Amino acid sequence: MTDSRLLSIYRDTLGMLSQLSIDYQLWQHEEILDFETDLLVAKRLGWQGVHTKSLFLKLKGGGYAIYLTDMDSRLDSKLLKNTLGTKVSICSNEEMIGKLGCVPGAVCPFATAREVITVVNHQLFDKKQLLFTPGVPTETVGFSGESLEKLLKSMPNQLIVI
């Protein structure tokens, strides 16, 4: 994975936010690659938003999906199988890096290849502020759940809300 690929994801993500006139906050901090660090940084910086996670999934029979939910929700493989019509498994770090270009632990759910299906937990749309990585693990972006819906609907990816 190259720094230029991460920077491209970062620029594309912030570009989409700007193009859609979505108000957002951006924080710079030390690298966040796990939930423990995320919580420590959030406490230190006074973040009030909902921490999200983006799981990169492999579909049995071929294809990929990103499951976007809050940090505390567990992966419900049965629900995703029923929703997507096939079994899912979490991709290996190597496969995820090759397909998305993201750093393990900092998967950006935006600016992905159009063939990657986006599955989102509907509860995120009701949150006042959501916190995401914009691809670069030393930055966090926050914006409203209402804006998340607007952003996802603007993307070329198939969108499934569960």
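Things to note:
- Remark: accessible surface ordering of Ile90, Ile162 (largest first) is Ile90, Ile162, probe radius 1.4 Å.
- Per-residue ellipticity at 222 nm computed for the chain from its helices equals -10000 deg cm²/dmol, with DSSP H segments shorter than 4 residues left out and the rest contributing -39,500 (n - 2.57).
- Charge tally in the Cβ shell below 13 Å around Gln28, where Lys, Arg are +1 and Asp, Glu are -1, Gln28 excluded: -2
- Amide H contacts for Lys87 (H built 1.01 Å from N in the peptide plane; partners 5 or more residues away or on another chain; cut-off under 5 Å): Lys60.
- DSSP assigns beta bridges within the stretch 1-151; of those with both partners inside it, close to 75 percent run antiparallel.
- Computed from phi, the 3J(HN,Hα) profile of the stretch 39-51 under the Karplus parametrisation 6.51, -1.76, 1.60 (θ = phi - 60°) reads 5, 5, 5, 4, 5, 5, 8, x, 5, 10, x, 7, 6 Hz, with x in place of Gly and Pro.
- Mean separation of Cα pairs under 8 Å and 6 or more residues apart, divided by the residue count, gives the chain a relative contact order of 31 percent.
- Taking amide hydrogens as placed 1.01 Å from N in the peptide plane, the amide H of Ile117 sits under 5 Å from those of Tyr64, Ala65, Ile66, each at least 5 positions away in sequence or on another chain.
- Under Karplus coefficients 6.51, -1.76 and 1.60, residue-wise ³J(HN,Hα) of the stretch 121-133 in Hz, glycine/proline x: 5, 4, 5, 5, 5, 8, 7, 5, 9, 10, 10, 9, 8
- Along each principal axis, Cα extent of the stretch 28-72, largest first, Å: 44, 18, 16
- The HN-Hα couplings worked out from phi for the stretch 82-96 by the Karplus form 6.51 cos²θ - 1.76 cosθ + 1.60 (θ = phi - 60°) are 5, 6, 8, x, 7, 5, 10, 9, 6, 5, 5, 4, 5, 5, 5 Hz, whole numbers, x standing for Gly and Pro.
- 10 Å-binned pair-distance histogram of the chain (Cα, whole percent): 10, 43, 38, 9, 0
- The stretch 41-115: GluC sites (Glu not before Pro) in DSSP loop, at most 15 other beta carbons within 10 Å: Glu115
The values are calculated or read from the model by the stated rules, or taken from the named source; none is laboratory data. Values in this document were obtained by computation on a predicted structure and should not be read as measured data. Because the Cβ atoms are built from the backbone with ideal geometry, glycine has one as well, and the counts that use them run over all protein chains shown. To get the accessible areas, we keep the full protein, side chains included, count just its heavy atoms, and leave off ligands, DNA and RNA. Shrake-Rupley method; radii C 1.70, N 1.55, O 1.52, S 1.80 Å.
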